[in-house]
Structures are given as structure tokens and as C-alpha cells.
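J.: First, the structure itself, so that you have it in front of you.
The values are calculated or read from the model by the stated rules, or taken from the named source; none is laboratory data. As the structure is a prediction and not an experimental result, all values here were calculated from the model. Counting neighbours? That spans all protein chains shown, and the Cβs are built from the backbone with ideal geometry, glycine included.
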Amino acid sequence: MRPFEYTRAQSTETATRDAAGGAMFIAGGTNLLDLMKLEVMAPAELVDINRLELDRIEETEDGGLRIGALVTNSDLANDTRVRRDWPVLSRALLAGASGQLRNKATTGGNLLQRTRCLYFYDRAMACNKREPGSGCSAREGFNRILAILGTSEHCIATHPSDMAVAMRALDAVVETVKDDGSTRRLNLDDLYLLPGDRPDRETVLEPGELITAVVLPAPVAGRQTYRKVRDRASYAFALVSVAGVVAMEDGRITRADLAFGGVAPKPWRDPQVEALLVGQTPSEALFEKAADQLLAEAEGFGANDFKLPLTRRTLVSVLTELTQEART
Amino acid sequence: MPIIVGPNRFRSGGMLPQGSPLPAATYGTLHAYHGLLLQDRINSETFPVQTHLTINGTQQRLELDPRTTLLDALRHHLGLTGSKKGCDHGQCGACTVMVNGRRINSCLTLACMHDGDEVTTIEGIGQPGNLSDLQEAFVSEDGFQCGYCTPGQICSATAMLDEVRSGWPSHVTDDLTGDAALTTEEISERMSGNLCRCAAYPNIVEAIRKAAEKTA
């Protein structure tokens, strides 16, 4: 690990000021320290934000939930309100990492974790995300785990989070504060950038901008599930995952909020897929049409070609499950 | 002496006082930063960060290079070698300890991030002649072969059983709002952060089940 200067932040003011000057925030550290040991990341200064009071889950006035950025993945997954009213989020969190990691990983850090693309981790290989302009080894390399949607010729990495996929389906909003004290609210789609020609830029967050909370809107009617397909039954990243919130009324679909993980550089959501489903009577033909729409521009790179049919089957299976359950 | 760069601000990369054990965090990286370390050596300064930890009930005051992981602080600075370094990347669980009652990977956290925290290691769980229920069950059920992963397995399982008692669900729990029965599937899922390369898994699961029944 390269040497760094270490600061224990006493307030968001000092933390954001230090970060605006080039320091990097550290919270749980489960991803950052892994990358620092490999020297994939080498911040000259770390600001430890663990002592900031951002570790509470509070109910909002409109029946939603404000989740502090330092709430651990365990505390969020096990919160009785989340388990009852936003089960897709609890399920997504419990499907991720291990018990030890969930006890340390935080809400803000989970959102900002880096890709697990093997070439991003391997400093001997070209990677535009790690070293802009060096090229992408993954496109013609071992890309089994990588993206089929939203890629660019410069990067085909996926965002590895399960939690963020569920939050995307739930229309969660990220709250931030900058070093000048100004705050802003971003929905998850606006937080993340597609790789384009600058895959090293992953979010719209500015230097010194700190995620303080994630806000869940009030719970909605409908069934929720998180389906994760991976190479082993536990403690593995998603090859494909689907977070679904589906409501039915009089035999027709009235809500189909669907987000996808393991297939794109950010938690993926396609409004056209949802528009195609809402108002319709569930059928396998309809679900196949939804998959056609979702995958219209999908592109495999050889080893990850299987993700196209896998995404299709997972989506059809999730929709079948959620609409069947809603009918009973 | 700690170099205070600013309030609550410390710098890593300095020389340790003579005679100090070398933080293992620097193993394997020394060659790459020889120049940098040499420069610090010329300055002959030390830049440790002060950290107070309560380890197995005993207060410890440490002055560490900020790069020192909690695992390296335990093993190399406090001589508590029960916690093992397997992968050093949070994948194997051999380094599992409890911090403020929660199990974590001690290799993936910096010691200086835990100022004021209470750490329980395998040395704080039981002693020869006074084993915990889990330790006894690992012996009676033959829950290990080489034993390298065992301290992590036992620290992890100790905290895991507390999680179950607190009503935490897992990925394989059917009803998120109900209690989970401690089935083989539940134990395997909840212990998936601890690998055993000898593959003593069936006996580890049995040991945990036996200990859970005894404490229930």
C-alpha cells in the first residue's frame, strides 16, 4: 500500500473541505482498502468519515425512509421497516458479499464501489478506467462477468452492487453535500455516468461532494423480489440480477418497476420495458416482448454472450413469479 | 512520536522506531517504494497515528503507520497471532474478529479507523481448559483438518449465532419478517464468508449446529 495522509473527520464541513483538496473519503473501506493494497487506487490522503453522524435510518414525512450514508449493509438489510415495506432492498443486500463484509460496508460506499472487472484489478493490463487512454483489455479478453448494455468501445465493465439495483427499482434519491455547504438530490440514474470515452468518470459527484443519505420514497403496492444469478450459491457477484416491484389490478399489470444488475455499467432500468408491460395481461408472450425490448441494443463480447439469454430468462422468470403471486 | 500534520491528521510512510516489528502491510511493496522510504529514512522521522483499542478487555495504546490493518496490528504489534492472514483481501474470512460485537474481516480495515473500539479475537473467546461451546463442538465434531481457518470460523460463528438470536434473516430465509430456523442451508449461507480449503464444511456445520442447540 502506498503511503497516505490520514485524517479523522470531525464534521462534514472539514471532511468535504479536505476532499475538495484532493483527499478521498473512507468509510467501511472494504473495497477501497482492497484496491489500495493492489495499488489500483493510491490516494495521497484519506479522510475517515466513520465518526460523522450519518449512521441513522429515519422515517421521512411522506412515509419514506432516509438512510444515512454510513448505515452498514447489515443494519439496512435487517431494519424491520425495510424488511416489511421494501423487501427487495433487504433481499438485494442479503444476496451480496458475506456477513463480515455487510457488517462493515456502508450505504454510501456500496453505491460508489468500483467494478470487479479483472483487468481493472490487474495493473499489468490495459484498462481505460484505471488508466485513461491505455485501452481496454476486456473487450477481447476474459469478459465472462462483464456488461452487455450501456458499454462503449472504451469500457465494458459492470457496476457490481446488488443494493443499488434494488434502490434503482425503488426510485431512491441520493442526497449530497459539497464543501461550500450546498446540497443536492440525485436519482440513481443521474448519479451514475455511462463509460463513453471517459470510463474513469463513474459518477457526477464533484471533488469534495459527500453522499450523506439515500432516501426511499413511501412504499408502493405490489410484490417485490430480487433474483440474483451467479456462479456459486453464495458470496459471489451477480452475472445477472433483477429487482422487481410489480403490482396487478383486475388481472392487469399496473406497475412494473424493474432494475437490472450484472449487465451494465450502472444499475440498469429501461422505461420502455416498463411501459410495454403496464396495462397488459401477463403472459409469456408479453414477457418475451419485454425481454426483446430490454435487449434490443444488448451486445456480447464473446465470453459473456450467454448473458443475453440469461437476462431474458431471468426477466421472464421474475415477471412470471411476481404476476402469479399477485393473482393468488 | 506522532507527527501531527494538522488536527487529527497523520501521515503514513515513515520509519518505525528501531526494534519495532515491520508492519506486514508493507511486505511485498517495499521494493516498489524504496526511493520513497529511503527519503523518509533520511528524514529519520516517524509518522505513526495514535489509536486506542480495547482488545479482549485490555486497553491498548498503539502508535501505528496508518497503513496498518487491524489484522497486522493484532498479529505484528500485539502478538495476537490467533487471527490468521489467508488472502488479505476479505475473501477467505481467516482474519475474522469481532469489533463492538460484530464480525468483520480484520484485513480489510485500518487499525486507526477503530480508535475507541472493542475488539474480540479468538484469544478472547476461550482458553485451553475453558473452551467456548463452539470451540468444544469444533473439537467433538472434528470441524477442521489443518486448523488455519478455524479461529476465523469460530469468531465468525460466535457472532453469527448472535445475529440469529437477534432475528437477522439471511439470503435463504423464506420469510424476511419471521425467525429463521438454523438449518444446514442457513448455516452454510451465513458462514459463506469463511472458506476452508480442507473442505471440513460438513463437520463445521455440525459443530455450529451442536453449539447452537447447547446454547439455545
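J.: Show the residue pairs meeting these rules: Cβ distance below 6 Å; 6+ apart or different chains; first residue within segment A:1-16 and crowded, with 24+ Cβ neighbours inside 10 Å; second residue polar (S, T, N, Q).
T.: A:7/B:8
J.: I've got another one for you. Can you tell me which residues in segment B:154-173 are among the polar types (S, T, N, Q), surrounded by 19 or more Cβ atoms within 10 Å (Cβ to Cβ) and not in a helix (DSSP H, G or I)?
T.: Within segment B:154-173, the first condition is being among the polar types (S, T, N, Q), and the residues that meet it are B:156, B:158, B:166, B:170, B:173.
Checking the rest, the ones that are also surrounded by 19 or more Cβ atoms within 10 Å (Cβ to Cβ) come to B:156, B:158, B:170, B:173.
Within segment B:154-173, B:170, B:173 qualify.
J.: Tell me, yes or no, whether segment A:31-44 has at least one residue that is within 30 Å of residue B:164 (Cα to Cα), more than 11 Å from chain B (Cβ to nearest Cβ) and of a type outside the set (Ser, Thr, Tyr).
T.: no
J.: Would you mention how many residues in segment B:163-213 are more than 13 Å from chain A (Cβ to nearest Cβ), of a type outside the set (Asp, Glu) and farther than 17 Å from residue B:142 by Cβ?
T.: Residues meeting the conditions: 4.
J.: Quick check on segment A:3-13. Is at least one of its residues touching a Phe, Trp or Tyr at 6+ places or on another chain (Cβ under 6 Å), at pLDDT 95 or above and among the aliphatic types (A, V, I, L, M)?
T.: No - not one qualifying residue is present in segment A:3-13.
J.: Could you list, in sequence order, the residues of segment B:43-79 that are surrounded by fewer than 21 Cβ atoms within 10 Å (Cβ to Cβ) and in contact with an Asp or Glu (Cβ under 7 Å, 6 or more places away or on another chain)?
T.: Listed by number, the residues that qualify are B:50, B:52, B:54, B:56.
J.: Tell me, please, whether a residue that is in a loop (DSSP other than H, G, I, E, B), over 18 Å from the mean Cα position of the chain (by Cα) and surrounded by 20 or more Cβ atoms within 10 Å (Cβ to Cβ) can be found in segment A:270-279.
T.: From segment A:270-279, those in a loop (DSSP other than H, G, I, E, B) are A:270, A:278-279; that's our starting set.
With the extra rule that they be over 18 Å from the mean Cα position of the chain (by Cα), the set shrinks to A:278-279.
Subsequent filtering for residues that are surrounded by 20 or more Cβ atoms within 10 Å (Cβ to Cβ) retains none.
No, segment A:270-279 contains no residue that is in a loop (DSSP other than H, G, I, E, B), over 18 Å from the mean Cα position of the chain (by Cα) and surrounded by 20 or more Cβ atoms within 10 Å (Cβ to Cβ).
J.: Go through (1) out of contact with any Leu (no Cβ under 6 Å at 6 or more places or on another chain); (2) under 20 Å from residue B:91 (Cβ atoms) and name the single condition residue A:106 misses.
T.: Every listed condition holds for residue A:106 apart from (1).
J.: Taking segment A:195-219 only, how many residues are in a strand (DSSP E or B) and not β-branched (Val, Ile, Thr)?
T.: First, pick out the residues of segment A:195-219 that are in a strand (DSSP E or B): A:203, A:210-216.
After this cut, where a residue has to be not β-branched (Val, Ile, Thr) as well, the list is A:210, A:213, A:216.
So the count comes out to 3.
J.: Within segment A:255-269, which residues are in a strand (DSSP E or B) and out of contact with any Gly (no Cβ under 6 Å at 6 or more places or on another chain)?
T.: Here is the first cut: in segment A:255-269, the residues in a strand (DSSP E or B) are A:255-261, A:268.
Hits for segment A:255-269 are A:256, A:257, A:259, A:260, A:261, A:268.
J.: Checking the condition modelled with pLDDT under 95 and among the hydrophobic types (A, V, I, L, M, F, W, C), which residue from A:326, A:243, A:298, A:275 passes?
T.: On the way: A:243 fails: modelled with pLDDT under 95; A:298 fails: modelled with pLDDT under 95; A:275 fails: modelled with pLDDT under 95.
Every option except A:326 fails the conditions.
J.: In addition: Under the condition of being in a strand (DSSP E or B) and out of contact with any Ser or Thr (no Cβ under 9 Å at 6 or more places or on another chain), which residue from segment A:148-173 is nearest to residue A:86 (Cα to Cα)?
T.: Checking each candidate, the answer is A:173.
J.: I'd like the full set of residues that are charged (D, E, K, R) and within 22 Å of the chain's Cα centre (by Cα), limited to segment B:190-216.
T.: Step one: filter segment B:190-216 for residues charged (D, E, K, R), giving B:190, B:197, B:206, B:209-210, B:213-214.
Of everything in segment B:190-216, those that are charged (D, E, K, R) and within 22 Å of the chain's Cα centre (by Cα) turn out to be B:190, B:197.
J.: Of all residues in segment A:50-74, which are assigned to a loop (DSSP other than H, G, I, E, B), within 10 Å of chain B (Cβ to nearest Cβ) and under 23 Å from the mean Cα position of the chain (by Cα)?
T.: First, pick out the residues of segment A:50-74 that are assigned to a loop (DSSP other than H, G, I, E, B): A:50-56, A:60-64, A:69-71.
Still in the list and also within 10 Å of chain B (Cβ to nearest Cβ): A:50-51.
Selection gives A:50 alone.
J.: Among all residue pairs at least 6 apart or on different chains, which show Cβ distances below 8 Å where the first residue, located in segment B:49-65, is touching a residue at least 24 places away in the same chain (Cβ under 8 Å) and the second is among the basic types (Lys, Arg)?
T.: Within 8 Å, the pairs are B:50/B:61; B:51/B:61; B:52/B:61.
J.: If you don't mind, another one. From A:95, A:19, grab the single residue that is farther than 20 Å from residue A:174 by Cα and of a type outside the set (Ser, Thr, Tyr). Walk me through how you get there before you give the answer.
T.: Numbers: A:19 fails: farther than 20 Å from residue A:174 by Cα.
Residue meeting the stated conditions: A:95.
J.: Go through segment A:75-97 and count every residue that is part of a loop (DSSP other than H, G, I, E, B) and surrounded by 24 or more Cβ atoms within 10 Å (Cβ to Cβ). Quick ask: steps written out before the conclusion?
T.: Filtering segment A:75-97 down to residues part of a loop (DSSP other than H, G, I, E, B) leaves A:79, A:86, A:95-97.
Checking the rest, the ones that are also surrounded by 24 or more Cβ atoms within 10 Å (Cβ to Cβ) come to A:86, A:95-97.
Summing the residues that are part of a loop (DSSP other than H, G, I, E, B) and surrounded by 24 or more Cβ atoms within 10 Å (Cβ to Cβ) in segment A:75-97 gives 4.
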